[in-house]
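Notes follow once the structure below has been shown.
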Amino acid sequence: MIKIRSSEITPEHVYLNRRQFMKGLGAAAVSAAVLTACGPASAPKPSGPTPTLDTTPPASGTQSDELGDALTPYEVITNYNNYYEFSYDKEGIGQLAANLPISPWAVAVGGLVKNPKTYGLEDLLKKFDQQERIYRLRCVEGWSMVIPWMGFTLAQLLKEVEPTSDAQYVAFQTLSDPDNMPGQRSPQFDWPYSEGLRLDEALHDLTLLATGLYGKELPKQDGAPIRLVVPWKYGFKSIKAIVKIDLVAEQPKSLWNTSAPHEYGFYSNVNPDVAHPRWSQSTERRIGEAGRRKTLPFNGYAEEVAALYDGMDLSKYY
Ligand code: MTE
């Protein structure tokens, strides 16, 4: 089992309101708890974070990222998740999300674009070649993983719809389905989960729409059928189960920024020099490793992305 103190992993206002949230879940929380405690025998059991447990090769057979860091095992990536629509706990989300309907699935791309269009997932998979991208994911709570995603760049999709000259930002929205996502019945957050990027960040070649991992279909707990991955930003920017992408003129709202603006800025670039108000961001725990390692500026992608922020005071625009 992977254990981190709950006070370390949970934003204070959420931690304090946890009991209220559980109350809000009502009957769904009861069934969720039952599923977690005694899930079907065939369900994958959360396994330890030891890299040697991994028997699933990524599509390319590559076993490390460009820094030589080992891939996080499939079992860990799929059993240690943040997905507040289902639970505040990290383990067992796969079982909780098992009945989420994801087929058919459509993503509406619109706003300030010349060619607004609603794409079925199949259209997207046909239109854009799926490539493997091995990225580090650094969660704002201080843990990290190395994940071999499959997907295509957001830039490819945005070029298709042709943003107008007024478009400055991209706003993303998760599916709204309180029947199947019990967390969305809680008044704790401004649902559905939303996120945003500046247009140049969205068009950057590192910014991925992921549809798979380890060469397989994206598991529901990791954001199936399609999620964003922005590897130089804290993990919460990488919004799951996307149904709507809008080009907009003003900086869009996002769930975490709306909920606790002093703790979660719009940019949220990984920055070891700017502490979260309640903890340092200078080190991280790579899941599967003993001890902590130093966090790298922009999560190790500074060479590719630092220029996007030239002239900005990153302690102010955190
Ligand atoms: N997207 C939605 N819709 N809901 C969430 O709770 N959690 C975020 C992000 N995307 C979240 C989300 C956070 S905090 C992190 S760290 C990553 O998803 C975790 O992705 P993973 O579970 O695939 O590791």
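The values are calculated or read from the model by the stated rules, or taken from the named source; none is laboratory data. All of these numbers come straight from a predicted model, not from anything done at the bench. Backbone-built Cβ (ideal geometry, glycine too); neighbour counts: all protein chains shown. Surface areas here come from the heavy atoms of the whole protein model, side chains and all, with no ligands, DNA or RNA. Shrake-Rupley method; radii C 1.70, N 1.55, O 1.52, S 1.80 Å.
Some values worked out for this structure:
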read-out: Exceeding the 26 Å Cα-Cα cut-off - candidates Lys159/Lys233; Lys90/Lys126; Lys90/Lys240; value: Lys90/Lys126
read-out: Inter-centroid distance (Cα atoms) of the range 159-221 relative to the range 64-105, Å; value: 16
read-out: 5 angstrom amide H check on Arg136, placed H, neighbours 5+ away; value: Ile147
read-out: Kirkwood Rh and Cα Rg combined as Rg/Rh, the range 115-173; value: 1.05
read-out: For Thr211, residues with placed amide H under 5 Å, excluding near neighbours; value: Met150, Gly151, Phe152
read-out: Low-density loop positions, GluC sites (Glu not before Pro), the range 178-263 - DSSP coil, at most 15 other Cβ in 10 Å; value: Glu250
read-out: ³J(HN,Hα) computed for each position of the range 252-268 - Karplus, 6.51 cos²θ - 1.76 cosθ + 1.60, integer Hz, glycine/proline x; value: x, 7, 9, 4, 6, 5, 5, 6, 8, x, 6, 9, 10, x, 5, 6, 6
read-out: Candidate aspartates and glutamates for bridging to Lys220, where Cα separation is under 20 Å - those fewer than 8 sequence places away on the same chain excluded; value: Asp54, Glu75, Glu85, Asp89, Glu91, Glu122, Asp123, Glu132, Asp177, Asp179, Glu195
read-out: Nearest-20 debye value, the range 12-309 charge dipole, Cβ charges on Lys, Arg, Asp, Glu; value: 660
read-out: Solvent exposure ordering (accessible area, 1.4 Å, most first) of Arg278, Arg198; value: Arg278, Arg198
read-out: The range 196-318: Rg to Rh, with Rh as the Kirkwood radius over Cα pairs; value: 0.96
read-out: Estimated distance in nm for a label pair at Glu162 and Asp200, the labels positioned 7 Å out from Cα along Cα-to-Cβ; value: 2.4
read-out: Length gained when the stretch Lys114-Glu304 is fully extended (0.36 nm per residue, less Cα-Cα span); value: 65.5 nm
read-out: Long-range amide H partners of Trp143 with built H, under 5 Å; value: Arg285
read-out: Full-extension gain in nm, Leu125 to Asp179, via 0.36 nm per residue minus C-alpha separation; value: 16.7 nm
read-out: The range 12-309: Cα Rg divided by the 2.2 N^0.38 Å rule of thumb; value: 0.96
